[in-house]
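Colleague: Take this structure first; my questions come after.
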Protein chains: 2
Amino acid sequence: MRSAFHDELDSISASLLTMAGLVREAMNDATKALLEADLTLAEKVIAADEAIDQIQHDLDARTINLMARQQPVASDLRTLVTSLRMSADLERMGDLAHHIAKQARMRFPNCAVPSELTTTITSMGSVSNALISKLTAVMEHKDTVRALEIETDDDEMDTLHRQLIATLLEDSWAHGVEPAIDMTLLGRYYERCADHAVSIARRVYFLVTGEYAAPAL
Amino acid sequence: MRSAFHDELDSISASLLTMAGLVREAMNDATKALLEADLTLAEKVIAADEAIDQIQHDLDARTINLMARQQPVASDLRTLVTSLRMSADLERMGDLAHHIAKQARMRFPNCAVPSELTTTITSMGSVSNALISKLTAVMEHKDTVRALEIETDDDEMDTLHRQLIATLLEDSWAHGVEPAIDMTLLGRYYERCADHAVSIARRVYFLVTGEYAAPAL
């Protein structure tokens, strides 16, 4: 009986990894769609968000069902509750990729990103890719060292975010208000995506060590 | 034993209502601080966010503890899982009030809101207050009729949000990029706060009826 239970726990962990993989792909595609004004790719990300939501839905149903049927011991229960929270974070990260893709679609055939911000958005996309890759390893191997590193990686995203806002405020900003609104929202989407990655990393850290890495986001 | 369990369930519901009350107060204070450039009130909201976070922390610990000790039947387990999700939504709403208050503090002694947006922000504050009041009644009385109304109330917030962005894009907008960035973020905070209220209302609806009011946010 316990072995069947642990098989189901493993399958829940596997679904979380699947979600993380899809979120990483969605963020990468969304960044590419945004920078290259690629409508087809933007539409792909927008459609893929539903698949992520569906996985979360099924995963949460399985998790709650397992809790109800197996009456798990405290430590396993904690793992299951954490799974529910991680799936919520991942689902939200998928939403943010979807928001980025919608911004790309809204400005098509133009590029939503003015040329002086291409580098910043490219970097935000790279940091986000690196964060989610590391997060996947953290989740898969319960790797607390890399869980802590994710906090530092997130500092990099915050720096890029400040750079983005600073560019909008320069005297040389010649694009006016509308692209400034676009870029403010896009900056916020990347920043929030990284926050959710940090939040998941902290949950893994807590699950393994029983201690908080830092105050919860 | 079952009676002690239900006492604990009631106390968890009571704590959720306390959180909702604090979030409503925080949003109201944050809006007032923003519109009146009231630094003392802004500081109050910023400090109060920690109290909200602490209640969530204690509440979640009690909820998980109750799950582990009492091995609840499926329907009670669902209520407990939903409590965890509602406390996460409420905590995030508190964060958004905190963000609004920080914006008020950052622009002090100036007012962060240009005069042509005073009415819009006042209305966003009122809608948010009405939403959270109604939400409290929904949570307290498991009121599915008002749970559905919250969807419509949220449409009002979306309309105000579109109005806000339209004002920033008018030719007559003379404040330049920085206040446009501020207002874009503030608009997003109010909109997200309303989204979380809708999300909680949908959770209550599902718990009572076993059916989804609409796709989850």
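Colleague: Can you name the residue in segment A:51-67 that is surrounded by fewer than 18 Cβ atoms within 10 Å (Cβ to Cβ) and not basic (K, R) and is also farthest from the chain's Cα centre (by Cα) among such residues?
Modeller: In this case the residue turns out to be A:N65.
Colleague: So, one more: Let me spell it out: the conditions are (1) modelled with pLDDT of 95 or more; (2) within 14 Å of chain A (Cβ to nearest Cβ); (3) over 14 Å from the mean Cα position of the chain (by Cα), and B:L207 meets all of them except one. Which number is the exception?
Modeller: For B:L207, the exception is condition (1).
Colleague: Return the residues of segment A:50-80 that are β-branched (V, I, T), part of a helix (DSSP H, G or I) and facing chain B (nearest Cβ under 9 Å); say none if nothing qualifies. Quick ask: steps written out before the conclusion?
Modeller: Restricting attention to segment A:50-80, the residues satisfying the condition of being β-branched (V, I, T) are A:52, A:55, A:63-64, A:73, A:79.
With the extra rule that they be part of a helix (DSSP H, G or I), the set shrinks to A:52, A:55, A:63-64, A:79.
If the condition is that a residue be β-branched (V, I, T), part of a helix (DSSP H, G or I) and facing chain B (nearest Cβ under 9 Å), then A:T63, A:I64 are the ones that fit.
Colleague: If you don't mind, another one. Go through segment B:69-97 residue by residue and tally those that are touching a Ser or Thr at 6+ places or on another chain (Cβ under 9 Å) and free of Cβ contacts under 8 Å to residues at least 60 places away in the same chain.
Modeller: Matching residues across segment B:69-97 total 2.
Colleague: Residues to consider are B:E156, B:E149, B:E170; find the one that is modelled with pLDDT of 95 or more and touching a Lys or Arg at 6+ places or on another chain (Cβ under 8 Å).
Modeller: Matching residue, one of B:E156, B:E149, B:E170: B:E149.
Colleague: In segment A:23-45, what residues are crowded, with 19+ Cβ neighbours inside 10 Å and under 15 Å from the mean Cα position of the chain (by Cα)?
Modeller: A:V23, A:R24, A:A26, A:M27, A:D29, A:A30, A:T31, A:V45
Colleague: Kindly indicate which of B:D195, B:D182, B:D158, B:D171 is more than 12 Å from chain A (Cβ to nearest Cβ) and acidic (D, E).
Modeller: B:D158
Colleague: Just the residues that are surrounded by fewer than 18 Cβ atoms within 10 Å (Cβ to Cβ), part of a helix (DSSP H, G or I) and among the acidic types (D, E), please, taken from segment B:168-194.
Modeller: If the condition is that a residue be surrounded by fewer than 18 Cβ atoms within 10 Å (Cβ to Cβ), part of a helix (DSSP H, G or I) and among the acidic types (D, E), then B:E178 is the only one that fits.
The values are calculated or read from the model by the stated rules, or taken from the named source; none is laboratory data. Small disclaimer: the values here were computed from a predicted structure and weren't measured. Ideal geometry is used to build each Cβ from the backbone, glycine not excepted, and the neighbour counts take in all protein chains shown.
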